[in-house]
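Structure first, commentary second.
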Amino acid sequence: MKRCMELQRLSRDHHLALVVAKKVRQLVENEGSNEEMILLWTEIQKNYKKDMELHFELEEKILLPAINAAGLETHVERILFEHQEMRDILAQDLIDSAGMQAFSRLLKDHVRFEERELFSAAEELLSESALKDIQGKLEAA
């Protein structure tokens, strides 16, 4: 799906998130060893957690207020809930395969919702100047 230029930075981040979700899903489906799961979870916490947190903060401080003002409070509530749920999961030092699978599913579903629902609604409901303002704030961050 072609995303408007103003939201492309956030949309590009979603590719990395889907790659992470796929790695986790594949490891769980292939019944990876405990060592492999620990290594992947450590990698996610070390390398991706900071990227995800930055993405969450940009959405929460820049995009979601505009979406909320456009009348999509339920979309905003869902995004905030899922961000917190992922933060809580990422804060766990150890996680079992069921927890990893739940994280993978949540991450994938979250990205799909944002791309298919949230960003599409933003493109439709927000004015061109509001989208440009979002883009400027994202570039400055």
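The values are calculated or read from the model by the stated rules, or taken from the named source; none is laboratory data. Quick caveat, the model's predicted, so the values are computed rather than measured. We place every Cβ from the backbone using ideal geometry, glycine too, and count neighbours over all the protein chains shown.
Restrict the check to the stretch 97-106 and report whether at least one residue is of a type outside the set (Ser, Thr, Tyr) and at pLDDT 95 or above. Yes, that holds for at least one residue.
Applying the criterion of being touching a helix residue (DSSP H, G or I) at 6+ places or on another chain (Cβ under 7 Å) and under 15 Å from Lys49 (Cβ atoms) to the residues of the stretch 65-89, the residue that is surrounded by the fewest Cβ atoms within 10 Å (Cβ to Cβ) is Glu85. For the stretch 91-122, the tally of residues that are aromatic (Phe, Trp, Tyr) and within 23 Å of Gln8 (Cα to Cα) stands at 2.
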